[in-house]
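Below is one structure, written out as structure tokens, with a few remarks after it.
None of the figures in this text is laboratory data; all of them are computed from the coordinates on show. Note that this is a predicted model, so its numbers are computed, not measured. So basically every Cβ, Gly included, is an ideal-geometry build from the backbone, and we count neighbours across all protein chains shown.
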Amino acid sequence: MAFLSPGMITTMDQAKKHRTYALWILIIVYIFNFIDRQIVNILQEDIKHDLGLNDTQLGMMTGLAFAVVYCTAGIPVARLADSTSRKGVMVVSLAIWSAFTALCGLANPIHIGAFTISAFVVLLVTRMGVGLGEAGGSPPAHAMISDLYEKEKRGRALALYSAGLYAGTLLGYYLGGWLSEALNWRQAFFVVGIPGVIFAIIAWTTVKEPVRGLSGSAPSTDKPKFLTSFAKLWSIKAFPYYAIATGAGTFITYGLGNWMPSFMPRTYGVVDPEVVTGTVKYIGMWSMPELQAAVGMCKAEVINGVRTLAQDCYEMNKTEIGLFYGTCSGVGGMIGTIAGGYLADRLGAKDRRWFLWVPMWGKFLGAPLFIAALLAPTVELSLLLYFPGITLAAMYLGPALAITHHLVPASMRAMSSAVLFFILNILGLGTGPFVVGLLSDWIGSNADSLSAAHSFLGDSVEEVKQMSLKWAMIIAVILMTPLSLLWHIGAMKLPKGNLTDDGDAMQEALTEGDPKGEAITAGPKP
């Protein structure tokens, strides 16, 4: 695959000159990854009504089906990246997932004789195709970044790359909301999918790939087999604990994030009469005579009458949902991801266990803010609380990737990322949105009995049905947050001291005992 490729980086001097450009190209690729992954969330209410789906089917489409293919394909694709051109694997994957994103817009029933494949199944298959392509995006990029940056700067570099997740989320919601209003959900998939195919060519022809192990003690030429790589990684004492903790955390962020575009219009679709006058200028409704008359009423009349009037003249549209939630989630997530990498690098320079303590505290502090956001009486307050919640919760990915790459040899970095992503995406992306959708449908279908037994769920059966998604999301946060303790348990399995580049020696020490010969007892308690 040398055609039009600019060559390899063989020295750290070359890496220092090229790595900033390479990192930004990799970030843009990751942004495309999450634009194509997240746009379906802002479009899902339109898709639901157009194709006649329920919340369980939406959760399967946005989470489970995508994640199963994404995670299953991630392991062999990472093995391919560890043994061939990492850049080549990444750009081909970008072209594949972008093409399948565009094909999502063609989801229509297929008739084969007397047999009919529903539009939902067609859409499910195309989303699985997106997952197949995206499986080859991050692991090769993680491995390249770890070779371009020294261990002291690796956490920040990986965190900056990981911030592309939230930049893509932000743009996905912006573009999806605007395109669904300006065009329709089918055309929106076309518009966001095609540019990725073009950018794959730019990435291939301008980015130089570093030799493996460049930033370590010596370039690595070892290419261990898949089972060997997996066994070595899993044998690290700390890894199973923080890998499962990562999955539990992403269960919350995906379980909430994928459903927030539906939660907002279902919960706050009708403007609260108390905030109409404060937001009416922004949404350009002063020209409506009906609303002007309502605002001129006395306080009691406003409280009693504007809710019904607002329902007739205004409901949250996709553009506003994309703007408000996209900004909140995207900006907050980027800040948290970058801050998490920076804090882990600073604190972990003296004690590597901070690479796991930083994510733990972020998850614990973010959870109550998520619950408060879901219980907030207005959309403004909900987003105001959600912003610091996602900022804190997003502090996990850079540190988790960095410590994983510190613990393995250079020849296993892509594979180690794939294994970590397999676990966090099966638990998080795969089950999070699906379980929330399943719970929402269950609460809605049992609204009669639940309303009678638990009055706090709603004042009426209809209100319980309307709020079923909200309660499903709250349950997800409550159930998964205690598993953040696994970050601390994993940290206690790491030896004291600063970082080392020798992954094989570190792994041997971790599997055979404390390399310093002393028990690990210090550290903050959650």
Exceeding the 23 Å Cα-Cα cut-off - candidates 16/363; 208/350; 16/208; 16/493: 16/363; 208/350; 16/493
Packing-based ranking, highest mean first, of 323-330, 142-149 given that Cβ atoms within 10 Å are counted: 142-149, 323-330
Proxy reagent accessibility, fewest Cβ within 10 Å first, across 486, 26: 486, 26
Ranked list, fewest to most other Cβ atoms within 10 Å of each Cβ, for 331, 207: 331, 207
Burial ranking of peptide ranges 173-180, 489-496, 396-403 (average Cβ count within 10 Å, highest at the top): 396-403, 173-180, 489-496
Sequence of 462, 150, 45 once ranked by neighbouring C-beta atoms within 10 Å, starting from the fewest: 462, 150, 45
Simple spin-label estimate for residue 384 and residue 228 in nanometres, 7 Å along Cα-Cβ: 5.9 nm
Length added when fully stretched, residue 8-residue 202, from 0.36 nm per residue minus Cα-Cα: 68.2 nm
Label-reachable residues, the range 40-68, where backbone N falls under 15 Å from a point 7 Å from residue 108's Cα toward its Cβ: 51
Hz values of 3J(HN,Hα) by residue in the range 78-86 - Karplus curve (6.51, -1.76, 1.60), Gly and Pro given as x: 5, 4, 4, 5, 6, 10, 10, 6, 5
The range 127-199 shape via C-alpha gyration tensor axes, a/c threshold 1.5: prolate
